[in-house]
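The structure under discussion appears below in the form of structure tokens.
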Ligand SMILES: [Zn+2]
């Protein structure tokens, strides 16, 4: 294992197009400034795109992104590693009523269609954020009827309400 910190800092623009299927495109979104759309229909259960990126230890990620309010870190279920999202999957917005879900399969994270998705739909999944700073509410603007008002997971919202969080970086998760 290489122990050195990766010598890079991404801007959102540099993530825009690194591989990914041709039918996934980044466009302006009502949920956030930009989002990921499909130009073709996608069947429920399809592995839409991998949440690709550099695999970092949580320590490395914390050092890299200490002062960054916004990151693209996806926490793996081993509790020790994150994927620092690059490419089109990092542009998929959160929704409380999403059409995709994130699944960890053999240490890789896939965005999977949770229902049949029509052409020109924006792709979304539930970020289930955790380990955020207490002063960062990560407000949600998805406009779904069941919007919980925040991108944190239900469990995390309960924890935050109890004020028990240590100060760590926010990460997305599949299973929390
Ligand atoms: Zn919402």
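The values are calculated or read from the model by the stated rules, or taken from the named source; none is laboratory data. From a predicted model like this one, the values you see are computed outputs, not experimental measurements. Cβ sites come from the backbone with ideal geometry, for glycine too, and all protein chains shown count toward neighbours.
Before moving on, here are some points about what is shown:
Here's the yes/no breakdown for (1) at pLDDT below 95; (2) out of contact with any helix residue (DSSP H, G or I) (no Cβ under 8 Å at 6 or more places or on another chain); (3) at negative phi:
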residue: 24; (1), (2), (3): no, no, yes
residue: 39; (1), (2), (3): no, yes, yes
residue: 46; (1), (2), (3): no, yes, yes
residue: 58; (1), (2), (3): yes, yes, yes
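- Residue list for region 98-120, restricted to those being away from the ligand (no atom under 16 Å from the Cβ), over 14 Å from residue 24 (Cα atoms) and assigned to a loop (DSSP other than H, G, I, E, B): 106, 107, 115, 116
- Residue match in region 121-137 (condition: more than 16 Å from the ligand (Cβ to nearest atom), touching a residue at least 12 places away in the same chain (Cβ under 8 Å) and farther than 22 Å from residue 66 by Cβ): yes
- So residue 142, is it touching a strand residue (DSSP E or B) at 6+ places or on another chain (Cβ under 9 Å) and within 12 Å of the ligand (Cβ to nearest atom): yes
- The lone criterion from (1) under 22 Å from residue 53 (Cα atoms); (2) in contact with a helix residue (DSSP H, G or I) (Cβ under 8 Å, 6 or more places away or on another chain) left unmet by residue 112 is number (2).
- Residue match in region 145-158 (condition: in a loop (DSSP other than H, G, I, E, B), within 12 Å of the ligand (Cβ to nearest atom), within 26 Å of residue 87 (Cα to Cα) and touching a residue at least 40 places away in the same chain (Cβ under 8 Å)): yes
- Residue in region 40-88 that is surrounded by the most Cβ atoms within 10 Å (Cβ to Cβ), counting only those that are part of a strand (DSSP E or B) and free of Cβ contacts under 8 Å to residues at least 60 places away in the same chain: 83
- Filter pass, residue 136 being surrounded by 13 or more Cβ atoms within 10 Å (Cβ to Cβ), at pLDDT 95 or above and within 17 Å of the chain's Cα centre (by Cα): no
- Qualifying residue in region 89-97 (condition: touching a helix residue (DSSP H, G or I) at 6+ places or on another chain (Cβ under 8 Å), assigned to a strand (DSSP E or B) and surrounded by 19 or more Cβ atoms within 10 Å (Cβ to Cβ)): no
- Sole exception among (1) modelled with pLDDT under 90; (2) buried (at least 16 other Cβ atoms within 10 Å of the Cβ); (3) over 23 Å from residue 126 (Cβ atoms) for residue 20, by number: (3)
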